[in-house]
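First the structure, in the form of structure tokens, and then the observations on it.
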């Protein structure tokens, strides 16, 4: 009987675990702006509504700027790779 009681109490405690990570996909624009206040640019959360061609359901994806676009070093490397020799973008 005691074993069953301890088992049930243990299961109840495990079931009470709470996920405290914010659900950015459910936040409004104002809530995201408040969350991003005071954070560095790389750690700010950005969201976009992904329009998938195979589904009519729009899916909102949220992630940090760094996760979405990469670090400054990665962006700098892309800029170097995308330059055209002999062409200057300034006219």
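May I ask you to sort 54, 24 by Cβ crowding, counting other Cβ atoms within 10 Å and putting the fewest first?
Lowest count first: 54, 24.
Would you mind ranking 1, 27, 11, 63 by Cβ crowding within 10 Å, fewest neighbours first?
Least to most surrounded, the residues fall as 1, 11, 63, 27.
How many nm separate the modelled label positions at residue 33 and residue 49, each set 7 Å beyond the Cα in the direction of the Cβ?
Using points 7 Å along Cα→Cβ, the separation is 1.8 nm.
Every number here is computed from the coordinates shown, using simple stated rules; none is lab data. Quick caveat, the model's predicted, so the values are computed rather than measured. All Cβ positions, even for glycine, are placed from backbone atoms using ideal geometry, and neighbour counts span all protein chains on display.
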